[in-house]
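Chemist: Structure below; questions to follow.
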Amino acid sequence: MIYNKEMETMSRADMEALQLERLKYIVRYCYDHVKLYHDRFDENGISPDKIKTLSDIQYIPPTTKDDMRDHYPFGLFAVPRKEVVRIHASSGTTGKPTVVGYTKNDLSMWSENMARLIAAAGVTEEDIAQICFGYGLFTGALGLHYGLERLGAAVVPSSSGNSEKQIMLMKDFGTTTLIATPTYALYLGELAKELGYTREDFRLRIGLFGSEGCTTELRAKIEENLGLFATDNYGMSELMGPGVSGECHLRCGLHINEDHFLAEIVDPQTLEAKGEGETGELVVTTLTKECLPLLRYRTRDLTRIVKTPCECGRTTARMDKVMGRSDDMLKIKGVNVFPSQIESVLMAFKEMSSHYMLYVRRENFTDNLEVQVELSDASLVDRYKALENLRSSIRAKLKTVLGIDAKVTLVQPKTIERFAGKAKRVVDLRNEKA
Amino acid sequence: MAVKQLSVFIENQQGKLVEIMDALATNDISIRAISVADTTEFGILRLIVNRPNRAERVLKEHGFAASLTEVIGICVEDRPGTLRDALRILSDAKISVEYVYAFLNKEVNIAYIILRVEDNDTAQTALKAGGVRVLEGEDIN
């Protein structure tokens, strides 16, 4: 179902006209209400009136996560305190969290955007949706929560953790839609099996996975275990939370809510615009946000955008699944390595579980990568040769895909940590990143 | 019925062997023979126990990758040359042995030998034809 036909099927020309009109407005709004933008425009000799076409956006200096940290907590808010109705913060793995605020209109816009993506995945008001994201400062749970309610689905805010109870509720309530991180969904599937349940005990049909990357291979595994159809959605708390873009049931890219978010793809080094279909860093301008408008926010996520209409009927631009982060990218022996590439390789081996860890070390001035995987096929343990063959075929496949040699370590089943929130699968033990 | 051998994957980490032994001991499982193949990365522990099915279940419950396979057990007299004679039968039949280990049981002057070969049936037939006493699963308790 298309939730907002007008906005989601608008002609490209009309959409671009709407975006330009909103862009002019938001640039002026930022200049007038946010000191950072006011000062930065003045320092660079830019006037808000300089925006005459969409491509004039290139004159605006980008906003970064550091800008948000430097103005912690409320320094970038564009509205007086009485208009702020909600405050969230990012998980902030290093230092202070990134704080985001919302006005009433922001929350309504967020719900609308989420409802569109949820409907695009195939969820209807008949569905029972269990949200296994942790509630709290994290935007994921409440974003999905409001969107699902806007659409009319029944929300079960079960939050994360207490996995056995999650499974009980899933079965007893006849949950049809599961909202979780891919890692947690994977774990719930494993646990359900361990507890003696089969797919037929559940009525799951749709999974909305987010908050961390998920390769097609991992997703297929989760779908098979739980008997559901899963779509990806994309967002980040700085921009609002989830709801920036999401897949329709055809899963050929994530439809961007372009009437609210203006997306560009740029070269992460030079910031030069990339052409349609070219891979680069996603830079997003919020067109309608009131509390925390951001101009050209550097997401650090690498993807590409196509603007051809989708067979689902939507005309909105589509971005690819994020292939990695420009700052998550590991440089090992001078080679760019994305954890997602490694995951794709590992998922093809049925002898192992889907859990893994990556360790990067520097010994004698040389980088090395260790990939730890859990052995799950016990029938191999009788023969040393079978285990060695498994190890060397994983290693050979990694070498083909990554171009570097990795050490593969087999570990005992169920010894790699199961993450209920965002998975932290990469441990970089080098003193400084190359 | 051939002899059931329990193979367990163990990471090279201090205390792993104790963990396994503890799980078996508290479940009243007695070990008849043990062999550990070591490598730099991981080891494979091979066990002959009195209650193989229970032992497999217990170790799996403790999170170990463990599996049962059928291996050949033979009895030879405890004097020089008996193992040579038995192995020559296999060699003549062009059957290769992947690994071997031995243990003593309650029978006096008799050694039990565990052999891992590709094809148990062919090997057993050849050994029996050559007059070697082949163990049945029930012999180990």
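Chemist: Out of the total accessible area of region B:94-141 (probe 1.4 Å, heavy atoms of protein only), what percent is carbon and sulfur?
Modeler: Roughly 53 percent, rounded to a whole number.
Chemist: Charges only on Cβ, +1 for Lys and Arg, -1 for Asp and Glu: so what's the dipole of region B:61-122 about the Cα centre, in debye to the nearest 20?
Modeler: Numbers: 6 positive and 11 negative charges, 54 e Å.
Charge dipole, region B:61-122, about its Cα centre: 260 debye, nearest 20.
Chemist: Same structure again: Provide the FRET efficiency to the nearest 0.05 for the residue A:149-residue A:362 pair, computing r from the beta carbons and using R0 = 30 Å. Kindly include the intermediate steps, with their values, before the conclusion.
Modeler: Numbers: r = 49 Å, r/R0 = 1.65.
After rounding to 0.05, the efficiency reads 0.05.
Chemist: How big is the A-B contact in terms of buried accessible area, both chains counted, 1.4 Å probe, rounded to the nearest 100 Å²?
Modeler: Buried area (both sides, nearest 100 Å²): 1700 Å².
Chemist: Give the Rg/Rh ratio for region A:1-322, taking Rg as the radius of gyration of the Cα atoms and Rh as the Kirkwood radius, to two decimals.
Modeler: 0.98
Chemist: Could you give log10 I(q)/I(0) at q = 0.23 Å⁻¹ for region B:1-60, computed by the Debye formula over C-alpha point scatterers of equal weight, without solvent?
Modeler: -0.94
Chemist: How are the C-alpha pair distances of the protein assembly as shown spread across 20 Å bins, as whole percents from the shortest bin up?
Modeler: 18, 42, 25, 12, 3, 0
Chemist: Could you please state, rounded to a whole Å, how far the C-alpha centre of region A:154-217 is from the C-alpha centre of region A:40-90?
Modeler: Region A:154-217 and region A:40-90 have Cα centres spaced 38 Å from each other.
Chemist: Counting only protein heavy atoms and using a 1.4 Å probe, what share of the accessible area of chain A belongs to carbon plus sulfur, as a whole percent?
Modeler: So the carbon and sulfur contribution to the accessible surface is 49 percent.
Chemist: Can you spot the aspartates and glutamates whose alpha carbon is less than 19 Å from residue A:274's alpha carbon? Ignore those fewer than 8 places along the same chain.
Modeler: A:16, A:56, A:258, A:264, A:301, A:320, A:327
Chemist: List the residues, sorted by chain then number, that are 5 or more residues from residue A:236 or on another chain and whose placed amide H is less than 5 Å from its amide H.
Modeler: A:241, A:244
Chemist: Based on the Cα coordinates of region A:280-345, what is the per residue volume of their convex hull in Å³?
Modeler: Working: hull volume 9.0 nm³, N = 66.
In region A:280-345, the Cα convex hull volume per residue is 136 Å³.
Chemist: Here's a follow-up. Per residue of region B:54-64, what does 6.51 cos²θ - 1.76 cosθ + 1.60 with θ = phi - 60° give for ³J(HN,Hα)? Whole Hz please, x for Gly and Pro, Karplus curve as stated.
Modeler: Going residue by residue, I get 5, 4, 4, 4, 4, 5, 4, 4, 8, x, 8 Hz, with x marking Gly and Pro.
Chemist: For chain B, taking Cα atoms only, what is the radius of gyration to one decimal and the Dmax to the nearest whole Å?
Modeler: 15.7, 46
Chemist: Another question, then. Which ³J(HN,Hα) values, rounded to whole Hz and listed in residue order, are derived for region A:374-381 from phi using the Karplus coefficients 6.51, -1.76 and 1.60 in 6.51 cos²θ - 1.76 cosθ + 1.60 with θ = phi - 60°, glycine and proline given as x?
Modeler: The phi angles translate into 8, 6, 10, 8, 5, 5, 7, 6 Hz.
Chemist: Could you name every residue in region A:391-424 that has 20 Å² or more less accessible surface in the full protein assembly than in its own chain alone (probe 1.4 Å, ligands and nucleic acids excluded)?
Modeler: Checking the loss per residue gives A:391, A:407, A:410, A:411, A:412, A:413.
Chemist: Continuing with the same structure: Alpha carbon centre of region B:58-74 versus region A:262-307: separation in Å?
Modeler: So the separation of the two Cα centres works out to 55 Å.
Chemist: Here's a follow-up. Rounded to two decimal places and with Rh computed the Kirkwood way over Cα pairs, what is Rg over Rh for region A:117-251?
Modeler: For region A:117-251, the value is 0.93.
Chemist: Taking only protein heavy atoms into account and a 1.4 Å probe, give the accessible area per residue of the protein assembly as shown in Å².
Modeler: Averaged over the residues of the protein assembly as shown, the accessible area is 45 Å².
Chemist: Could you give P(r) for region A:330-428, binned at 5 Å from zero, as whole percent values over all Cα-Cα pairs?
Modeler: 2, 12, 25, 25, 18, 12, 5, 1
Chemist: Please give me, ordered by residue number, the GluC sites (Glu not before Pro) of region A:94-135 that lie in loop per DSSP and have at most 13 other Cβ atoms within 10 Å.
Modeler: On the way: sites: A:112, A:125, A:126; in loops: A:125, A:126.
When the GluC sites (Glu not before Pro) of region A:94-135 are filtered for loop state and at most 13 Cβ neighbours within 10 Å, A:125, A:126 remain.
Chemist: How large is ³J(HN,Hα), in whole Hz, for each residue of region A:17-32 in order, when computed from phi with the Karplus curve 6.51 cos²θ - 1.76 cosθ + 1.60 and θ = phi - 60°, using x for Gly and Pro?
Modeler: 5, 5, 5, 5, 4, 6, 5, 4, 5, 6, 5, 4, 4, 5, 4, 7
Chemist: Just checking the output field for B:6-14: average partner chain Cβ neighbours within 10 Å of each residue's Cβ?
Modeler: On the way: counts 2, 7, 4, 10, 2, 7, 1, 3, 0.
Whole-number average of other-chain Cβ neighbours for B:6-14 is 4.
Chemist: Then there's this: Can you list residues whose amide H is under 5 Å from residue B:33's amide H, if they're 5+ apart or on another chain and H is modeled 1.01 Å from N?
Modeler: Result for residue B:33 returns B:48.
Chemist: Quick check for chain B: number of Lys pairs with alpha-carbon distance under 25 Å, counting only pairs 8 or more apart or on different chains?
Modeler: Lysine pair count for chain B: 8.
Chemist: Sticking with this one: Identify all lysines with a Cα-Cα distance to residue A:65 below 17 Å; exclude those on the same chain that are fewer than 8 residues away in sequence.
Modeler: Filter leaves A:35, A:96.
Chemist: Next up: Run through the DSSP bridge list for region A:1-322 and note the antiparallel percent, rounded to the nearest 5.
Modeler: For region A:1-322, the DSSP antiparallel bridge percentage is about 65.
Chemist: Ignore the peptide's own chain and count Cβ atoms of other chains within 10 Å of each Cβ in A:371-378; give me the average, rounded.
Modeler: Going residue by residue through A:371-378 and averaging, the value is 3.
Chemist: Only loop residues by DSSP count here, and only those with at most 14 other Cβ atoms within 10 Å; note down the chymotrypsin sites (Phe, Trp or Tyr not before Pro) in region A:33-70 that meet that.
Modeler: When the chymotrypsin sites (Phe, Trp or Tyr not before Pro) of region A:33-70 are filtered for loop state and at most 14 Cβ neighbours within 10 Å, nothing remains.
The values are calculated or read from the model by the stated rules, or taken from the named source; none is laboratory data. Just so it is clear, the structure is predicted and the values come from calculations on it, not from any experiment. Glycine also receives a Cβ, built like all others from the backbone with ideal geometry; neighbour counts cover every protein chain displayed. When the accessible area is computed, the model is the full protein with side chains, heavy atoms only, and any ligands, DNA or RNA have been set aside. Shrake-Rupley method; radii C 1.70, N 1.55, O 1.52, S 1.80 Å.
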